[in-house]
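Trainee: I'd like to ask you about the structure that follows.
The values are calculated or read from the model by the stated rules, or taken from the named source; none is laboratory data. From a predicted model like this one, the values you see are computed outputs, not experimental measurements. Positions of Cβ are backbone-derived with ideal geometry, glycine not excepted, and every protein chain shown enters the neighbour counts. When the accessible area is computed, the model is the full protein with side chains, heavy atoms only, and any ligands, DNA or RNA have been set aside. Shrake-Rupley method; radii C 1.70, N 1.55, O 1.52, S 1.80 Å.
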Amino acid sequence: MQALPEFELLRPTTLDDARKARAAHPESQIIGGGTDLMVNIRRGIVAPPVLIDLTGVAELRKINADETSLEIGASVTLVELAAHPQVIKHYPVVAEAAAHIAGPMHRNMGTVGGNLCLDTRCIFYNQSEWWRGAIHHCLKTTGDICHVAPKSRGVCFATFSGDLAPALMTLDAEIGVARADGIRAMPLNALYIGYARQDEPQTATRGDGKHFLSLRPGEIVTSVSVKNTPGLRSAYDKIRIRRSIEFPVCGVAVALRRDGDALIDLRVAFTGTNSRPVRLEGTAALCGGTPDARVLQDLDALVRDQVMAMKTTFTPGHYRRRVAGVLARRLVTRLFES
Ligand SMILES: Cc1cc2nc3c(=O)[nH]c(=O)nc-3n(C[C@H](O)[C@H](O)[C@H](O)COP(=O)(O)OP(=O)(O)OC[C@H]3O[C@@H](n4cnc5c(N)ncnc54)[C@H](O)[C@@H]3O)c2cc1C
Ligand code: SF4
């Protein structure tokens, strides 16, 4: 770890002041708990001259949860979210995902906004300046090659590893996004643009592991909200190398509804595999009957098609893909039978 560089820390106490501070300092970066950002600053990955700390903004620290809807402010901590009785009761997938993040101290400090906007990760990127300098850096910083895929033609495959996003995506969450002139709502799914396709040009809505969020300059994520679907059962599980504190090898969220013996609604989402959290497409075709061996095999085929794990972690990509399939099958079976 290197010493921290100089920066100015602004601590607004209202959202209005936070927006003004962001507009006045276009080169600033938002800081929630700082559990990821401070590590990246120390490693010389980023060096924002101004940090805007949102944790003193009271209106961003609220959780409103009941059986009809859930709204979580961006500065709510992970420990508050994981322990909220109404979230545990009505939105278990969200509470379980929050409880699975990092270790207890990170969850005390880490915020919902920071987790949703978490930087993507790669073994060639999350290293000290000295280490990265020894391999002439890479596309995600100042280099001109991807060490994971040297023929990537400018595409970075760094992996999104936040645990909350897939859980919230199975509930069709929306986020609030503030900028100088107002607040807009958008589907959480649309925040993530890390498609990392070599056969497509990068655009404002199709990026890669480097350009993985659709936020425009100066924007702040203020909240995330969900409407409850009666009868929905949901859960989150993940495999990690160290069970007490670790990013996911793969994390899987599942939400489903059953009517008698039939599966009538199935939503599956992943993290730790692609440059964005992936909401699995094509699950409607698996509904209509019981999730028997054939349905689970078809689920596995969808996972194999849509999970694109590269060599960005110490765990091989093909293993992470298999873990994704196993966790999804287990969760679907458990929730259907519960
Ligand atoms: C050892 C270790 C293990 C970890 N394990 C996990 C894990 O298992 N799962 C996991 O998900 N994470 C893990 N993390 C990462 C991190 O601790 C969590 O993701 C945490 O939730 C990040 O939240 P934060 O508030 O600390 O974010 P910060 O570090 O403050 O910010 C993260 C990023 O989000 C941006 N940001 C923050 N708030 C906003 C906002 N409101 N609007 C726009 N941008 C914003 C920041 O500018 C920054 O780029 C781990 C970290 C460590 C060090
Ligand atoms: S995937 Fe390639 S470009 Fe992206 S961080 Fe890793 S080495 Fe760098």
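Trainee: Add -39500 (n - 2.57) for each DSSP H run of 4 or more in the chain, then divide by its residues: what number comes out at 222 nm, to the nearest 500 deg cm²/dmol?
Mentor: Taken over the chain, the calculation gives -7500 deg cm²/dmol.
Trainee: In addition: List the GluC sites (Glu not before Pro) within the range 1-41 that fall in a DSSP loop (any state other than H, G, I, E or B) and whose Cβ has at most 14 other Cβ atoms within 10 Å.
Mentor: Numbers: sites: GLU6, GLU8, GLU27; in loops: GLU6, GLU27.
Here the sparse-neighbourhood loop sites are GLU6, GLU27.
Trainee: Also: Please find, in a Gaussian network model of the chain (springs between Cα atoms separated by less than 10 Å), the residue of GLU174, GLU246, GLU80 whose mean-square fluctuation is greatest.
Mentor: Of GLU174, GLU246, GLU80, the most mobile in the Gaussian network model is GLU246.
Trainee: For ARG197 and ARG294 in the same chain, what is the full-extension length gain: residue separation times 0.36 nm, less their Cα-Cα distance, in nm?
Mentor: That works out to 31.9 nm of additional length.
Trainee: Now a separate question. Once you place label points 7 Å from the Cα toward the Cβ at SER338 and ALA23, how far apart are they in nm?
Mentor: 4.5 nm
Trainee: For the range 308-338 and the range 1-77, what is the centre-to-centre distance using only Cα atoms, to the nearest Å?
Mentor: Centre-to-centre (Cα) distance: 32 Å.
Trainee: Just to confirm the filter: which trypsin sites (Lys or Arg not before Pro) across the range 20-97 are DSSP coil and have at most 14 other Cβ within 10 angstrom of their Cβ?
Mentor: When the trypsin sites (Lys or Arg not before Pro) of the range 20-97 are filtered for loop state and at most 14 Cβ neighbours within 10 Å, LYS62 remain.
Trainee: Which of the listed residues, ILE193, GLY218, VAL112, is farthest toward the dipole's positive end in the chain, when Lys, Arg count +1 and Asp, Glu count -1 at the beta-carbon?
Mentor: Highest projection toward the positive end goes to ILE193.
Trainee: Excluding ligands and nucleic acids, what accessible area in Å² is computed for TYR125 using a 1.4 Å probe, to the nearest 10?
Mentor: Using a 1.4 Å probe on the heavy atoms, I get roughly 10 Å².
Trainee: For the chain, what class follows from the C-alpha gyration tensor (a ≥ b ≥ c being the square roots of its eigenvalues): rounded when a/c is under 1.5, otherwise prolate if a/b is larger than b/c, else oblate?
Mentor: Oblate is the answer for the chain, as a/c is 1.5 or above yet b/c matches or exceeds a/b.
Trainee: Using DSSP to call loops (not H, G, I, E or B), can you name the chymotrypsin sites (Phe, Trp or Tyr not before Pro) in the range 246-338 whose Cβ has at most 10 other Cβ atoms within 10 angstrom?
Mentor: For chymotrypsin sites (Phe, Trp or Tyr not before Pro) across the range 246-338 that sit outside H, G, I, E and B with at most 10 neighbouring Cβ atoms in 10 Å, the list reads PHE314.
Trainee: Say we join alpha carbon atoms closer than 10 Å with springs in a Gaussian network model of the chain; which of THR77, THR13, THR170 then has the biggest fluctuation?
Mentor: Of THR77, THR13, THR170, the Gaussian network model singles out THR13 as fluctuating most.
Trainee: So, one more: Roughly speaking, what is the centre-to-centre gap between the range 117-190 and the range 233-284 when only Cα atoms are used, to the nearest Å?
Mentor: 20 Å
Trainee: Right, next: Between ARG243 and GLU129, what is 0.36 nm times their sequence separation minus the Cα-Cα distance? Round to one decimal in nm. Before the final figure, lay out each step's value.
Mentor: Details: separation 114, 0.36 × 114 = 41.04 nm, distance 2.83 nm.
Taking ARG243 through GLU129 to full extension adds about 38.2 nm, to one decimal.
Trainee: For the range 4-14, just list the computed ³J(HN,Hα) in residue order, Karplus coefficients 6.51, -1.76 and 1.60, θ = phi - 60°, integers in Hz, with x standing in for Gly and Pro.
Mentor: Each residue of the range 4-14 in turn: 5, x, 5, 7, 9, 10, 9, 10, x, 10, 10 Hz.
Trainee: Report relative contact order for the range 233-337 in percent, whole number only (criteria: Cα-Cα under 8 Å, sequence separation at least 6).
Mentor: 28 percent
Trainee: With both partners inside the chain, how many of the DSSP beta bridges are antiparallel, as a percent to the nearest 5?
Mentor: Numbers: 40 of 47 bridges.
Just about 85 percent of them are antiparallel.
Trainee: Taking the full set of protein chains and a 1.4 angstrom probe, give the accessible area of ASP261 in square angstrom, rounded to the nearest 10.
Mentor: Using a 1.4 Å probe on the heavy atoms, I get roughly 110 Å².
Trainee: Pairs LYS227/LYS311; LYS89/LYS140; LYS20/LYS238; LYS210/LYS238: which exceed 30 Å Cα-Cα?
Mentor: Table pairs above 30 Å Cα-Cα are LYS227/LYS311; LYS89/LYS140; LYS20/LYS238.
Trainee: Over the chain, with a Gaussian network built from C-alpha contacts below 10 Å, which listed residue (ARG184, ARG233, ARG279) shows the highest mean-square fluctuation?
Mentor: ARG184
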